[in-house]
1. Can you check how the C-alpha radius of gyration of segment 268-368 compares to 2.2 N^0.38 Å, as a plain ratio?
2. Calculate the spin-label point distance for Asp2 paired with Lys58, positioning each point 7 Å from the Cα along the beta-carbon direction, and give it in nanometres.
3. Working from Cα positions, state the angle (0 to 90°, nearest 10) between the long axis of helix 234-246 and the longest principal axis of the chain.
4. Set the Förster distance to 25 Å, then compute FRET efficiency between Glu262 and Asn46 from the Cβ-Cβ distance, nearest 0.05.
5. For Leu396, what is the net charge nearby, where nearby means another residue's Cβ is under 14 Å from its Cβ and Lys, Arg count +1, Asp, Glu -1?
6. In segment 22-214, with Lys and Arg counted as +1 and Asp and Glu as -1 at Cβ, which of these residues, Gly143, Ala205, Cys82, has the Cα nearest the positive end of the dipole, that is, farthest along it?
7. Using +1 at the Cβ of each Lys and Arg and -1 at the Cβ of each Asp and Glu in segment 22-214, identify which of Gly133, Tyr159, Asn46 lies farthest towards the dipole's positive end.
8. Identify the residues of segment 63-100 with backbone N under 19 Å of a label point that sits 7 angstrom from the Cα of Lys38 along the Cα-to-Cβ direction, or state none.
Amino acid sequence: MDKIVIDGGRRLEGEICIAGAKNAALPAFAATILCPGKFLLTNVPNLKDVDTIIALLKEMGAVINKEGPNAVSVDTERLAHCEVSYDLVRTMRASCLVLGPLLARMGKSRISLPGGCAIGERPINLHLKGFQGMGANITLEEGYVNADAPDGLVGHKIYLDLVTVTGTENLMMAATGAKGTTILENAAREPEVVFLADMLNKMGADVHGAGTDKITINGGKPLKAVEMEIIPDRVETGTFMAAAAITAGQLKLVGCNPAHLEAVTMKLAEIGCKITEGSDWLEITGPARPKPVEIETNPYPSFPTDMQAQVMAVLSVADGTSVITESVFENRYMHVAEMRRMGANILLKGRNAFVHGVGSLSGAQVMATDLRASASLIVAGLAAKGKTHVRRVYHLDRGYERIEEKLRMVGANIERKPDRKRD
């Protein structure tokens, strides 16, 4: 197991290339299940979660090859298995995304209940309820979800009780193979959902309304394999923006999509950052000291929960008190205890975090508890005096491609080392 060691206090300056979005790549791989053929996905990030879904597809019988540094071909001509084992699913909640495509193409699927980051309950009951509405039989047995639709799926009007990205994607994919029209009400509006809809339409599906809270899928259209370029990772972009903000740095982020980051950009500008944008780049200059702000996380296009921890790190050294309200996940403040070890003054009351800015942070031994917490501790460590050791970085590797190398190229004193201590 590795750890990240940061000797903080250096101003970041330079240019960083943004990787493809994990949260767009995973459903794109799942969508290859929908029809036989050879797909090509480009701008694929090199991440643990991507490795997991590739292994999962191989277990089903797909033939997968790397065609370049960030290009992957997926041949789903001969899928032989509809079951996914616990050993693969336990590390990644997004594994459940294969349920819908398998039901649409094979009429059945069996998958272990998924795992992933420990940031609160994220049950897949909304997925299963939607499949049942489309005519699938669902049973839970020994930790596995068994789903089958021997007579095929049928279009249905589905209201999602909570806005769920993976639920919207799963049901959207299943609906492409259903007879008739499916309408998803209260659907997620994230750019990754729009990207998946674009891919499905390129494959021959009939999907309308992605990017709004009502998506209509006219199912039963013949599908074909396609080539798709994964969209840029907006959370990676936002994380590097936070790194610039906390170090009073100046970074140009290329290969990103600023339109996907409007809520983050607005808050960072309120903090005191100067930001200029192009169609596929942005440049950010951090303030001498951040200003306090109020933030509430909510589904897209509001401020993303996936950026809450990183911006909290910035606000921990702000000139005043900030208030953060976490409205998406009930247990997404686990990084707070670790930030306190670095000298942050943060008070938790329910879903609210009162962040009283301090003059500076101090390097410390800290433990990552989930993916975005890992990133927030690295952001904090970039500004801290002395050395910060971030342990359990296997969480980090699920969602960030070579983050320590990218930060080192713009002036950070950061390296990855073997962690010989036992957790």
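1. On the way: Rg = 13.9 Å, N = 101, 2.2 N^0.38 = 12.7 Å.
Relative to the rule-of-thumb radius for its length, segment 268-368 sits at 1.10.
2. In this crude label model, Lys58 to Asp2 measures out at 2.0 nm.
3. 0
4. Numbers: r = 28 Å, r/R0 = 1.12.
It comes to 0.35.
5. Numbers: positive: Lys3, Lys22, Lys48, Arg372, Arg391, Arg392, Arg398, Arg402, Lys406, Arg416, Lys417; negative: Asp2, Asp49, Asp233, Glu236, Asp306, Glu338, Asp370, Asp397, Glu401, Glu404, Glu405, Glu415, Asp419.
Once all neighbours under 14 Å are counted, the net charge is -2.
6. Farthest towards the positive pole: Ala205.
7. Toward the positive end, the furthest listed residue is Asn46.
8. 63-80
All of the numbers you see were taken from the coordinates with simple rules; none came from a lab. These numbers come from a predicted model, not from an experiment. With ideal geometry, Cβ positions are generated from the backbone for all residues, glycine too; neighbour counts draw on all protein chains shown.
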